[in-house]
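Report on the structure given below.
The values are calculated or read from the model by the stated rules, or taken from the named source; none is laboratory data. Just so it is clear, the model here is predicted, and its values are computed rather than measured. Cβ coordinates were reconstructed from backbone atoms using ideal geometry, including for glycine residues, and neighbour counts include every protein chain displayed. What goes into the accessible areas is simple: the full protein's heavy atoms, side chains included, and nothing from ligands, DNA or RNA. Shrake-Rupley method; radii C 1.70, N 1.55, O 1.52, S 1.80 Å.
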Amino acid sequence: MYKYNDFDEGFVRSRVAQFRGQVERRIDGSLTEDEFKPLRLMNGLYLQLHAYMLRVAVPYGTLNSGQMRQLAYIADKWDKGYGHFTTRQNIQYNWPKLADVPDMLSALADVEMHAIQTSGNTIRNVTADHFAGAAADEIEDPRAIAELLRQWSTDHPEFQFLPRKFKIAVTGATEDRAVTKAHDIGLRMVRNDAGEPGFEVIVGGGLGRTPMVGKVLREFLPKADLLPYCEAIVSVYNLLGRRDNKYKARIKITVHENGLEKIQALVEERFASIRETFSGHDQALLKDIEAAFAPPAYVEKSTDGYEAARLANPAFRSWTDTNLSAHKADGYAIVSISIKKHGATPGDATSDQMRVMADLAEKYGHNELRISHEQNVILPHVHKSDLAAVYAALREADLATANIGLVSDIIACPGMDYCALATARSIPIAQEIATRFDELKIEHDIGQLKIKISGCINACGHHHVGHIGILGLDRAGVENYQITLGGDGTQTTSIGERAGPGFSADEIVPAIERLVTGYLDLRTNADETFLQTYRRLGMAPFKAILYPAEDKANAA
Amino acid sequence: MSRAFTPKVVTANALLEGDAVWLTEDNRWSRDIREAELITDEAHGDLRLLEAQARADEIAGAYLADAKAGENGPEPTHFRETFRTRGPSNYAHGKQVELSDV
Ligand code: HEM
Ligand code: SF4
C-alpha cells in the first residue's frame, strides 16, 4: 500500500491545524455560517437533518487493518459506534459534534487518512475497482494510477473552484466494477495492438437529474500521458462548464451542449500544449507508487480442507457460492463481506464489526481491505484454506450474510432519515424489501439482481443503473416511490427506464415483490437474469405486472 | 387581497450539535417544537426569521417551516419536519431518545 511521505504527512497535518482554527472562530462567533460553510465543506463536514456529518475519503477504497481500526475508534469516541460506507468509497459519520471534528480529523491523520475534497466543486475521492490488485480479469492494478491522480488533484490550484464537483473512476480489469461510464471521467485500462497497457478515456457520464452514459473521448491513451491528458480535460471543463446554472454545470452537460468533437479537439489542443510541462517527474513518481502496490507475498498451501468444508457445511457452501470471486493467484479467493444483513441499514458497520474485519484482514488477508461502491467490504486476498475460519468469525459478528449480488444486496442512500436534500426515505424501504425476500426464501432462486434506491433525484443510491431502481419523491407532502427498470452499471452500462406512476410507501414493497416474482415466470430458465429477461422482453410485461388494474382497464 | 398565510415556526440547526431547534416566543432555541412560537402573520414571520438569522453564533440555516396548532403546542405538517422532531427511522437516535424522558 501507498505510504505517506513527509510532504503528504505535513500537508494533511497543516490542513487539520488550519481547520481547527476555523472551527474555533466559528464557535466564538468571528466567522458567520456563510463564511464557514465553504471551509467546512472543504474538509468534508456537512450539516444534515439531525446533526453534522463527516465524510471521510477511503482513496480508491483501499484500507489496511490499522486504518479500519481507527475508523472504529473514531466511531466509538466521537460518534454513535458505527459508520456508513457509501457508493463513493467513503465512510460517513452521522453524529459528530462540531467542536470534536478537528480531533476526528487529527485521528484520521494519525493513520494517513483525511476528509479533504470529499465535498465541494473539486476533484473528489478517486474511486477504483474494489477488486483492484486481486481480480483474475485484471490487466494491471489500477490503484497506482488512482493514487497518482489523487496526488495530482489534491489542492490542485486550478481545480479548487470547478463549475461543479468532479468524479474520476479507474479500473484495470475487463469487467467494470467501478461504474466508469457514470463518472465525469472514467478510465478503463486496455491494451493496444502492441500489447502495451493504456487507457480508454470515457467522459461525461453521470447520474443525478440528467443521467448520462459516458462517451469515449480517446480509445487508447498511453499510460505515460494520463496526467497531462486528464489535466487537459479538467481545464477545458473549467473554462467551458456552465456556472450560471447549477443543474447544467456537470461536464456531462458541457459535453452534451458542445458536442463530443469540439471537446475532443479542445482537449487535444490543450494536451499538446501542456504535455511537455509534465517532464517525466510524474512518471518517476508513478514508478515509486507502483512499487508501493506490489502484490502481497502469496503462500502456497493445499485447498483440500476448503473443499471438505464446503461439502460438510451447506451454509458455508452457500456463502462461498455468492460471496467469493476469482483471484489472480492460485489457491486464493476474493471475499466480499456483506454489510447488508437482512433488515439492517445497507452500508452501516458497527465499530465491533469494523474491528472484526480488521482482525480478519490482518490474520488471513495480507492486511488489506477494500470498500466497494456497492457498500460492502472486501478482503481481497484470502487463501482458500482459511475461508472456513474467516466464515466462522464473520458469522459470529453478524457479517456472514450470503447475499452478494442478490435481491437484498441493495444500495441505498441515507435518504430523508439523514440527508437534508432528500425528498423521501430510502433506508426503511431497503430494509423492508430485504426482510420480505428473506421471508419468502426465494432470494437464491432469483439470482443476480441489483436493486438501488435514492431518496431524491441526485441519485446517490445509483438508482438509474439499478436493474430495478427506486427513486423516492415528495408527491403533495407524501412519500412516493418511482420505479425504473433495466439500468446497468457494468461495462454494458444503461440508464433505467421509468415504469410508470410511482407507488406510496405502503405499496412499494408489494410492487417490488410482484415485479420480481413476475420475472420468475417470465425468464426462460434459471440462468436468465432479471436484466437479461428485461432486455429480451422490454418494459411491457413488467408494466403489466406492476399496474395490473390499469392493464385491464386498457384492455376493456 | 393577500394570499392565505399558513402558520409557520422558525427552525434551524444548533451550531454545536447540529440538531434541529425551534425559536420560542421568548427568544430561546428549543429542542422541542412544541415550545416554538407559532407564527400566523406573514410580516411577523419575516421579521422573526431575520432576527433568527442574525444569531449566527448559536444556529445555522434558519428557515420558516409550515406548522399547525396542536394540543401541546405547534406540530409539523410536512413529513420532513416531522422527522426533524424525532430523528432517523433506522435507529432510536436523535431526538426520539433525548426527548423520550422529558
Ligand atoms: C447525506 C449526505 C449527502 C449529500 C448532501 C449528497 C449530495 C449529493 C448531491 C447534491 C448530488 C448531485 C450532484 C450533481 O449531480 O451535481 C449527489 C450525487 C451523488 N452522490 Fe451524494 N450526497 C450524500 C450522500 C451520499 C451517499 C451516502 C452516497 C453513497 C451511498 C453518495 C453518492 C453519490 C453519488 C454516486 C452521486 C451521483 C451522481 C453523479 O455524480 O453523477 N452520496 N450527492
Ligand atoms: S440521493 Fe438525495 S437523498 Fe439520497 S443521499 Fe443523495 S442527496 Fe441525499
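Taking a sphere under 13 Å around the Cβ of residue A:242 and counting the other residues whose Cβ falls inside, with K and R at +1 and D and E at -1, yields a net charge of +4. Assuming charge only on the beta carbon of Lys and Arg (+1) and of Asp and Glu (-1), the dipole of segment A:140-258 about its Cα centre is about 760 debye to the nearest 20.
Calculation over all alpha carbon pairs of segment A:107-181 in 10 angstrom steps from 0 returns a P(r) of 20, 42, 31, 8 percent. Each other residue within a Cβ distance under 13 Å of residue A:412 adds +1 if Lys or Arg and -1 if Asp or Glu, for a net charge of -1. What is chain B by shape, rounded, prolate or oblate, if you read a ≥ b ≥ c off the alpha carbon gyration tensor as root eigenvalues and call it rounded for a/c under 1.5, prolate for a/b larger than b/c, and oblate otherwise? Oblate is the answer for chain B, as a/c is 1.5 or above yet b/c matches or exceeds a/b. Per-residue shielding of B:56-62, expressed as the average number of other chain Cβ atoms within 10 Å of the residue Cβ, stands at 5. Each helix, a run of at least 4 DSSP H residues, gives -39500 (n - 2.57); summed and divided by the residues of chain A, these come to -12000 deg cm²/dmol at 222 nm. Interface size, chains A and B: roughly 2300 Å² of accessible area buried, both sides included, 1.4 Å probe, rounded to the nearest 100. Each Cα pair of segment A:1-121 feeds into the Kirkwood radius, which the Stokes-Einstein equation turns, at 25 °C and 0.890 mPa s, into a diffusion coefficient of 169 µm²/s.
Sum up the charges of everything whose Cβ sits under 13 Å from the Cβ of residue A:303, counting Lys and Arg as +1 and Asp and Glu as -1, but leave residue A:303 out. My count for the surroundings of residue A:303 gives -2. Under a model in which nothing but the beta-carbon of Lys, Arg (+1) and Asp, Glu (-1) is charged, the protein assembly as shown shows a dipole of about 1000 debye around its Cα centre.
From the Cα gyration tensor of segment A:58-174, with a ≥ b ≥ c the square roots of its eigenvalues, which class applies: rounded if a/c is under 1.5, or else prolate if a/b is larger than b/c, or else oblate?
It is oblate, given that a/c is not under 1.5 and a/b is not larger than b/c.
Placing unit charges on the Cβ atoms of the charged side chains and taking the dipole of segment A:1-68 about its Cα centre, the candidate lying farthest along the positive direction among A:52, A:14, A:32 is A:52.
The distance separating the Cα centre of segment A:111-173 from that of segment A:222-255 comes to 15 Å. The largest accessible area among A:288, A:137, A:398 belongs to the first residue in A:288, A:398, A:137, and the rest follow in falling order (1.4 Å probe, all chains). For a 4.7 Å threshold on C-beta separation, the list of partnerless cysteines in chain A reads A:230, A:419, A:456.
Interface burial in segment A:453-492 reaches 10 Å² or more for A:474, A:477, A:479, comparing the full protein assembly with the chain by itself; accessible area from heavy atoms with a 1.4 Å probe. Treating r as the C-beta distance of residue A:308 and residue A:359 and R0 as 22 Å, the FRET efficiency rounds to 0.35.
The chymotrypsin sites (Phe, Trp or Tyr not before Pro) of segment B:1-88 meeting both criteria, a DSSP state outside H, G, I, E and B (loop) and at most 16 other C-beta atoms within 10 angstrom of the site's C-beta, are B:5. Annotation: lysines with alpha-carbon distance below 24 angstrom to residue A:543 (same-chain offsets under eight excluded): A:450, A:452, A:552. In terms of its alpha-carbon gyration tensor, the protein assembly as shown comes out rounded; the largest-to-smallest axis ratio a/c stays below the 1.5 threshold. Comparing Cα centroids, segment A:390-457 and segment B:1-70 end up 37 angstrom apart. Based on protein heavy atoms only, segment A:19-93 ends up with 30 Å² per residue of surface accessible to a 1.4 Å probe.
Which aspartates and glutamates does residue A:384 reach when only Cα atoms under 15 Å apart count, and residues fewer than 8 places away in its own chain are ignored? Here the aspartates and glutamates satisfying the reach criterion relative to residue A:384 are A:300, A:304, A:307, A:321, A:330.
For chain A, with all protein chains in place and a probe radius of 1.4 Å, 51% of the accessible heavy-atom surface sits on carbon or sulfur. For segment A:71-97, a decrease in accessible area of 20 Å² or greater in the assembled protein chains relative to the isolated chain, with a 1.4 Å probe, applies to A:80, A:82, A:95, A:97. Rounded to the nearest 20 debye, the dipole magnitude of segment A:69-158 is 440 debye, with +1 charges on Lys and Arg beta carbons, -1 on Asp and Glu beta carbons, and the Cα centre as origin. For residue A:246, the lysines whose Cα falls under 24 Å of its own Cα, not counting residues fewer than eight places away in the same chain, are A:37, A:165, A:167, A:181, A:215, A:262.
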